[in-house]
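A short write-up of the structure that comes next.
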Amino acid sequence: MEWLNAIVQGIMLGGLFALFATGLSLAFGVMRFVNLAHGDLAILGAFVAVSVTSALGLNPFVSLVIVVPVMLATGYALQLGAFNFTISADPLPSILVTFGLGIVIQNVLLETYSADSRGLDVGSIEIESIRITDAIAIGWIPLITLIVAVAVLGALQLMLSRTPLGRAFRAVSDDPPTARLMGINDRNLYAVAMGIAFATVAVAGVFLGIRQSFGPLDGPAQLLYAFEAVVIGGLGSVWGTLVGGLLLGVAHTVGGQFEVAYGYGSGPLVGHLVFLVVLATKPSGLLGRRAE
Amino acid sequence: MTGHRVTRSDRQSTAGLAVSAVLLVVLFLLPWWDSDGSLRVPLVAILYYLALAQMWNLLAGFAGLVSIGQQMFVGIGVYTLLSFAEDFGVDPYLSVLLAGLVAAILSLPVAAFAFRLRGGYFAIGTWVIAEVFRLIALESDFLGGANVRTLTRESLGGYSLDTRNTVTYLMALGLAAGATAIVVLVLRSRLGLALRSIRDNQEGARGLGVSVGRAKLAVWVISAFWTGMTGAVILLHNPSTRAESAFSVLRWTALVVFIAIIGGVGSTTGPIVGVAIYWFVREFLEDAEEWRFIILGLIAAAMAIMAPRGVYGLLQKRWPVQFFPVRRRLVGPGVGGPAPGGPAQPVADAGHPPV
Amino acid sequence: MTLLEVRGLDAGYGDFQALFGIDVTVTEGETLAMIGANGAGKTTFLRVLAGQVPTRAGSIVFDGTDIAGVKAHRRVGLGIALVPEGRMLFGSLTVRENLIIGAHAGRPGRWDLEAVLDVFPLIRPLLERPSHVLSGGEQQAVAIGRALMSNPRLILLDEVSLGLAPVVVKSLYQALPALSEGGATVLLVEQDIGQALEVASRLVCLLEGRVSLEGKPAEVPRSDITAAYFGLPAGSGSEASS
């Protein structure tokens, strides 16, 4: 029963990982751009929510109304003002710029908010849960996170497959020079994609902050989980990202069942190992269309 | 003399070699007149950062392997030295060599996973694997778990403090000079030729029979070996550690990347310039580590966009002098040396193509 | 009325210069064929007009304004559409989506999905297929249709016949008058001289990046065309072609 509970909780945690992975997956899909500051931006979003909630006395859920547009605009501006200049066949500049940005964000957060752990308080819903059996209960917050993740990924999938914007994204992803011949401003489209990626990662950051305490240096771990979810699910597959996130979540909670030295759970370690096994045996991911 | 020949040397690079040789001799003799260690001790960090930056430069600048997982090899070096010297009683200085070997051996399975990924995903993949090593160190009873571990006086043998300081300093100097020499030698070897053809055109190089995988793997293992030894020397310099600091991405990769980028990645001299700038920022501008990361991170990100060849690249544009002879040029009757006042015409340039 | 006036155009890629001082004028409503051997600079010329290759010197005056510095994605809105060499359909879009995205710039005009399907009825049953499963001829029809969807005033066709069976080429060329009737001026690049001369009202021949001949197909002797095409002295063309 303990194991079954671990799996159920893992699926809930996986929703959060999938939410983190969405933006990474989108940016890579549209412009082959890998943002190494992705996790730090999520933490930045969570800290912005801390400031917004304490300054305006808002519920963290409500603070999303401010945090998401702010991050969306930041993503749009950063892509136009900086990231677009790094897009080339050579991946080095984009890696360096985003890696540098991530380190800067971490240290600015350290200077601004100190190294203390923070949390986002949404009230009594935090401890409420739905009891399934004696041994299994699903917390409302993890459940809401999973639902939001599925909704965000579903909306992204619909946008990509059904709307003019999604069509333009796919065209640019296929062949930017020919997309320009259609009158598509690819640079501007990249900025829109990055804005959306930042918006989703801000949602992920706020949900992380509601679920658990966080500090300025927690970004890289979130980047790695998001990346693992994307690769496990398969590059270029929206639903693959969800599957990857869920599998990774289960790996974390089941791995956490193993008690190791000094009382540390080995969830993240097991998660990394599952990722490496998938990478070795199925490099194109579980639902992927192609290896990259 | 009537025939043409291909040479890498000219008056400038010969002068460059001479300057480096003199500098090296001065640094080598430093312990004998810097008796209280006030110069040596702070220099050690500069030297091991140069070694780390050169090794990262070799990977990212020449082999296209942008690793964000260099901390794994530093950490492996640290813990290998700890285990051998502390737990098995092996001579600590011999253990430095063993640390490099262990890192090189472990780099092979790491490559088996990481080399399946390209570009930015390779970068994150190496980071994941470094995390695996950090978590193993953190969760292993044998390695000490989350506790601070210290290289005790007993395991350092009968060496006096002064001797230890001197040996650590000389080892750091050897690692820094050796790392630079390795980059120069690799570039001058067949391996360097293979790397350059891969960088210019990976598919074309494959068609010409260059084994892309093997060339990259060779560089990967060399870099792991040297980075592992550097990790061990870092522990000799600062004998207390724990998993968080031994496998710190901030200290052993971020700072190293910033140094290499600001100085100039893809050239042999760039990391030397970068380390000098780092030293300047550290000594004169900012004491707080956070602000150092912010300053250097912003400069590095800006350089990556605006001056991808770094400060050295900017200097070279102004004064086209090459310090280390890695470019091949054709000399002989009718070809002549470099035009007076103008840059030498490279047959193959060691740096990035000009942008 | 002059639609396009190119004067003293230089262009190239990196160290390689492909075009040297090109002067070409295109009159509204005509069908101009640009011919020339492989590497003469025809494709480069079209790519410069579409904004894919930058102009190094000279001017490109389209409908009264110099567009040499205008970005590629803005030229579609002005009414210039390129059907690129190799079709270049979007592989992850369906045929329908490939056509619709042609109208991205939103220029008004007579061309819409139905009008395109009337000209190329063979596309109609393929609309929901992914474009990469189509045959070469079908892809070419979609590529031309995609360009028409932008309601161009000037449509640039690059090597329509390349790699296609003669019967397929013939059916594609039969659609060209419909383009002109729809109000588009046509500038087509061809290696297949015979095919080009059948539909062209005027021709320009490029040789090693320079204009080597210009005239009306009916007025220029075939031997002169051959000479201009291969770079032979004038008058010796008949021997070379025999």
Proximal lysines to B:LYS216, defined as alpha-carbon separation beneath 25 angstrom and excluding residues fewer than eight positions away on the same chain: A:LYS282
Kindly give the semi-axes, whole Å and largest first, of the ellipsoid equivalent to segment B:30-328, taking each as the square root of 5 times a Cα gyration tensor eigenvalue. 30, 23, 18
So how far apart, in nm, are the two label points at A:TRP239 and C:GLU208 if each is 7 Å from Cα heading toward Cβ? 6.0
Volume per residue (Å³) of the convex hull spanned by the alpha carbons of segment B:159-269 is 126
If you take the Cα atoms of segment C:102-206, find Rg, then find the Kirkwood Rh from the mean of 1/r over all pairs, what is Rg/Rh? 0.95
For C:LEU206, which sequence-distant residues (separation of 5 or more, or a different chain) have an amide H within less than 5 Å of its own amide H, given hydrogens modelled in the peptide plane? C:ILE35, C:GLY36, C:SER212
Once the mean of 1/r over all distinct C-alpha pairs in segment C:2-241 is inverted, the Kirkwood radius in Å reads 18.2
Pop out the ³J(HN,Hα) list for segment B:187-201 in order, Karplus 6.51 cos²θ - 1.76 cosθ + 1.60 with θ = phi - 60°, rounded to Hz; leave Gly and Pro as x. 5, 7, 8, 4, 4, x, 4, 4, 4, 5, 5, 5, 5, 5, 6
May I ask you to derive the relative contact order of segment B:30-328, considering only C-alpha pairs under 8 Å and at least 6 residues apart, and to give it as an integer percent? 31
Just the projected area, averaged over all directions, of the convex hull on the alpha carbon atoms of segment A:20-165: how many nm²? 11.7
Kirkwood hydrodynamic radius (Cα pairs, Å) of the protein assembly as shown? 30.7
Protein accessible area in chain C, 1.4 Å probe - carbon and sulfur %: 52
Comparing each residue of segment A:197-246 in the complete protein assembly with the chain by itself (heavy atoms, probe 1.4 Å, ligands and nucleic acids ignored), those losing at least 40 Å² of accessible area are A:LEU224, A:PHE227
Estimated FRET transfer efficiency when R0 is 56 angstrom, pair B:LEU250-B:THR14 (beta carbons, to 0.05): 0.90
Would you mind telling me the share, in percent, of accessible area of chain A contributed by carbon and sulfur at probe 1.4 angstrom? 65
Computed FRET efficiency, Cβ-Cβ of A:LEU165 and C:SER201, R0 56 Å: what is it to the nearest 0.05? 0.85
Would you mind working out the accessible area per residue for segment B:30-328, using a 1.4 Å probe, and quoting it in Å²? 37
What angle do you read, to the nearest 10 degrees and between 0 and 90, between the alpha-carbon axis of helix A:60-81 and the longest principal axis of chain A? 30
For the protein assembly as shown, what proportion of DSSP beta bridges, expressed in % and rounded to the nearest 5, is antiparallel? 65
Total accessible area buried between chains A and C, 1.4 Å probe, in Å² to the nearest 100? 1700
Per residue, in Å², the accessible surface of segment A:131-184 once ligands and nucleic acids are set aside, probe 1.4 Å: 42
Pairwise FRET efficiency - B:GLU289 versus A:SER124, Cβ, R0 = 45 Å, nearest 0.05: 0.65
Can you tell me the 0 to 90 degree angle between the C-alpha axis of helix A:219-233 and the longest principal axis of chain A, rounded to 10? 80
Label points 7 Å out from Cα along the Cβ direction at B:ALA146 and C:HIS132: separation in nm? 4.9
Which residues does a label at B:ALA112 reach in segment B:61-85, if reach means a backbone N under 19 Å from a point 7 Å past the Cα toward the Cβ? B:73
Considering only protein heavy atoms and a 1.4 Å probe, what is the carbon-and-sulfur percentage of the accessible area of segment B:30-328? 64
For the residue pair A:PHE85 and A:ASP116, what label-to-label distance in nm results when each label sits 7 Å from Cα along the Cα-to-beta-carbon direction? 3.8
Compute the orientation-averaged projected area for segment C:159-222 from the convex hull of its Cα atoms and round it to one decimal in nm². 5.0
Normalised contact order of segment C:2-241, rounded percent, pairs of Cα under 8 Å and 6 or more residues apart: 25
Summed buried accessible area for B+A [probe radius 1.4 Å, Å², rounded to 100]: 4000
Please calculate how many Å² of accessible area segment C:2-241 carries per residue, with a 1.4 Å probe and no DNA, RNA or ligand atoms counted. 40
Relative contact order of segment C:1-61, defined on C-alpha pairs under 8 angstrom at six or more residues apart (%): 45
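The values are calculated or read from the model by the stated rules, or taken from the named source; none is laboratory data. Here the structure is a predicted model, which means the values were calculated and not measured. Cβ sites come from the backbone with ideal geometry, for glycine too, and all protein chains shown count toward neighbours. Heavy atoms of the whole protein, side chains included, go into the accessibility calculation; ligands, DNA and RNA do not. Shrake-Rupley method; radii C 1.70, N 1.55, O 1.52, S 1.80 Å.
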